[in-house]
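Report on one structure; see the data block that follows.
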Amino acid sequence: MVASATVLLLGLTGCTGSGGSGKGDTGTVEGKLRVVTNWTGAEGEAFAAVIDGFKAKHPTVEVQIEQVPFAQGEALLTQQFAQGSPPDVAVALPGMIRAFSQQGLLLNLDEMWDRWIADGQYTATLRDVAAGTDGHTDAVYFKGNINALIWYNPAQLEKLGVSVPKSWAEFTAVLDKAKAAGVAPFAVGGKDGWPLTQWIDPVILRVAGPDAFNDLARGKIRWDDPRIVKSFEVLADMIAKYFPKDALSTGFIDATCGRVQGKFLFENQGAFINLVDPAECDKNLKPGKDLAFFLMPPYDNTVPPAQFVSGDLFVGAKDTKNLPATRALLEYLGSVDAQTIWAKRGGYIAPNTKVPTSVYPNVNDQQAAGLWPKDSSVKAGYDLDDWIGGEIQVKYRQALADFARDRDVNRFIGTMKQVDDGSRN
């Protein structure tokens, strides 16, 4: 698999599959189901509440939730599928979905998606994310996330005498003013690896544009395309001027709470920060008053806008021993009812377009949910890191860590070209 061809630009034609998804799943919804997730803490409690909603609809089904650490999830599921003992339903990211789909291990969910699309619950853009490599749609999109949100404390901006920036020039002017005032511009938890990846997609989308992003995703251009190189030159400049010196030795939670404590002005992260800040840093934070966000501004007004999204999906094992209940749970997880349960708790965006904005508990969650692409004409890039998956993802993160350390654009581009070439062999 080519690394550059494993990211997806939403806004493409959805896969339609070839039917046959409903055959063999007739029967009573009862018995046992094993479900694998990687959510713990407040997120684990929220998902448990969602499953309680399913059991209320199907009281004769016993659902066993197994929580597996995110870092171990792919390896564990790969092993269990290989041994012929997979969970009935499992959380998965697109890279894993495509890998399992290629091996013919997943349920075909085309019929389910056909109904959702016809009813306007989902768009073809989201169906693309859930598509496997077998010509079918093999996953349910359950939990969405909007990225490229710049989180801040409004009082801190007011103290600096600046307002929310609307352009890239205004953005860097605010960052320069923060530095001059002795306030570190950005909180970056680079020690955990994945926070560094949150910078790549929005910069490519804003500097190179969605067409170049899409061409890189499809392998039509290589990493040394001038538009991609320029994106990393812009990011290298941002790192040199505005990243903290200890970015690679600071963990995500420490960086996030440092921003809450006023040690940093901004943090570039996803909508889930609205749940993390009060849970991990200060339970007294009031969304909209002590905690707010704005979208990373456009770099160039000639570049078409595109949203940076991510999120979690669920797959069903083709070899499940309880097909009726497995399909019932997957359909439920994609429903308005299921997603409303978590949406009411906050720190979550429902990908089902029928979930009303009014169910979200505060202004931040409502505003983030309002940014979710609900129209197929809206272009959006799905998180490159989560889309890649597997061993290539490990190499990608290693290259990003080196890039954050030395800001050597040529070295990074050369490394990713080698990764691409190696994946072709």
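Tell me, what is the percent relative contact order of the chain, built from C-alpha pairs under 8 Å that lie six or more residues apart? Let's see the in-between values first.
Details: 813 pairs, mean separation 125.0, N = 425.
For the chain, the relative contact order is 29 percent.
Only helical runs count toward this figure. For the chain, summing -39,500 (n - 2.57) over DSSP H runs of n ≥ 4 and dividing by all residues gives -13000 deg cm²/dmol at 222 nm. Excluding same-chain neighbours fewer than eight residues apart, the lysines reachable from Lys166 by a Cα-Cα span under 21 Å are Lys177, Lys179, Lys241, Lys289, Lys379.
Here the stretch 40-93 is treated with +1 on each Lys and Arg Cβ and -1 on each Asp and Glu Cβ, and its dipole about the Cα centre works out to around 120 debye. Restricting to DSSP loop positions (anything but H, G, I, E, B) with no more than 14 other Cβ atoms inside 10 Å of their own Cβ, which chymotrypsin sites (Phe, Trp or Tyr not before Pro) remain in the stretch 225-295? The qualifying sites: there are none. Taking all protein chains as they are arranged and a probe of 1.4 Å, the heavy atoms of Asp211 leave approximately 90 Å² accessible to solvent. Counted by Cβ distance under 11 Å from Phe314, the other residues give a net charge of -3, where Lys and Arg count +1 and Asp and Glu count -1. The charge dipole of the chain, taken about its Cα centre with unit charges on the Cβ of Lys, Arg, Asp and Glu (plus for the first two, minus for the last two), comes to roughly 540 debye. Computed extension length for Lys57-Lys159: 31.5 nm, one decimal, from 0.36 nm per residue of separation with the Cα-Cα distance subtracted.
Which of the trypsin sites (Lys or Arg not before Pro) found in the stretch 147-201 are loop residues per DSSP with 16 or fewer other Cβ atoms within 10 Å of their Cβ?
Of the trypsin sites (Lys or Arg not before Pro), the ones in loops of the stretch 147-201 whose Cβ has at most 16 other Cβ atoms within 10 Å are Lys166.
For the stretch 113-124, the Karplus equation 6.51 cos²θ - 1.76 cosθ + 1.60, evaluated at θ = phi - 60°, returns couplings of 5, 4, 5, 4, 5, 4, 8, x, 7, 9, 10, 4 Hz by residue, with Gly and Pro reported as x. Candidate values (i) 1.15; (ii) 0.97; (iii) 2.20 were compared with Cα Rg over 2.2 N^0.38 Å computed on the shown model; the agreeing label is (ii).
Taking amide H as placed 1.01 Å from N in the peptide plane, the amide H of Ala380 sits under 5 Å from that of Leu10, Gly11, Gln307, each at least 5 places away or on another chain.
Compute the length gained on full extension between Lys344 and Ala169: take 0.36 nm times their separation in residues and subtract their Cα-Cα distance, giving the result in nm to one decimal. Mind dumping the intermediate values first?
Numbers: separation 175, 0.36 × 175 = 63.00 nm, distance 3.70 nm.
Fully extending the segment from Lys344 to Ala169 adds 59.3 nm.
Residues whose amide H lies under 5 Å from that of Phe186, counting only those 5 or more places away or on a different chain, are Leu265, Phe266; hydrogens are built 1.01 Å from N in the peptide plane. Each residue of the stretch 317-324 was assigned a 3J(HN,Hα) from its phi angle through the Karplus expression (A = 6.51, B = -1.76, C = 1.60, θ = phi - 60°), giving 6, 4, 8, 4, 8, 9, 4, x Hz with x at Gly and Pro. Return the whole-Å distance between the Cα centroid of the stretch 247-312 and the Cα centroid of the stretch 199-216. Answer, in whole Å: 20. Working note: Karplus 6.51/-1.76/1.60 with θ = phi - 60° gives the stretch 33-41 the couplings 9, 10, 10, 9, 9, 10, 8, 10, x Hz, where Gly and Pro are set to x. Note on Met238: accessible area is roughly 10 Å² with a 1.4 Å probe, heavy atoms of protein only.
Counting protein heavy atoms only, the chain has 49 percent of its accessible area on carbon and sulfur, 1.4 angstrom probe. Between Ala368, Ala49, Ala187, the GNM of the chain built on Cα springs shorter than 10 angstrom shows Ala49 fluctuating the most. Once backbone amide H atoms are built at 1.01 Å from N, Phe142 has Asp312, Leu313, Phe314 as its partners under 5 Å, excluding neighbours fewer than 5 places away on the same chain.
Looking at the stretch 88-208, I'd like the Rg to Rh ratio, where Rg is from alpha-carbon atoms and Rh is Kirkwood's inverse mean 1/r. Numbers along the way, then the final one.
On the way: Rg = 20.7 Å, Rh = 18.1 Å.
For the stretch 88-208, the value is 1.14.
Within the stretch 209-273, report the trypsin sites (Lys or Arg not before Pro) that DSSP leaves as loop and that have at most 16 other Cβ atoms within 10 Å. Kindly include the intermediate steps, with their values, before the conclusion.
Details: sites: Arg218, Lys220, Arg222, Arg227, Lys230, Lys241, Lys245, Arg259, Lys263; in loops: Arg218, Lys220, Arg222, Lys245, Lys263.
Passing sites in the stretch 209-273 are Arg218, Lys220, Arg222, Lys245, Lys263.
Which net charge results for the neighbourhood of Pro361, defined as the other residues with beta-carbon distances under 9 angstrom from its beta-carbon, given Lys and Arg at +1 and Asp and Glu at -1? The partial results should precede the final answer.
Working: positive: Lys344, Arg345; negative: Asp365.
For residues surrounding Pro361, the net value is +1.
Could you check what % of the DSSP bridge pairs in the chain are antiparallel, to the nearest 5? Mind dumping the intermediate values first?
Working: 21 of 36 bridges.
Within the chain, antiparallel bridges account for around 60 percent of the total.
Think of the chain as a dipole: +1 on every Lys or Arg Cβ, -1 on every Asp or Glu Cβ, centred on the Cα centre; then among Gln339, Phe403, Gly182, Gly182 lies furthest on the positive end. Solvent exposure of the chain, expressed per residue, is 40 Å² of accessible area, with all protein chains present and a 1.4 angstrom probe.
The values are calculated or read from the model by the stated rules, or taken from the named source; none is laboratory data. Just so it is clear, the model here is predicted, and its values are computed rather than measured. All Cβ positions, glycine included, derive from the backbone under ideal geometry; neighbour counts span all protein chains shown. With ligands, DNA and RNA removed, areas are computed over all heavy atoms of the protein, side chains included. Shrake-Rupley method; radii C 1.70, N 1.55, O 1.52, S 1.80 Å.
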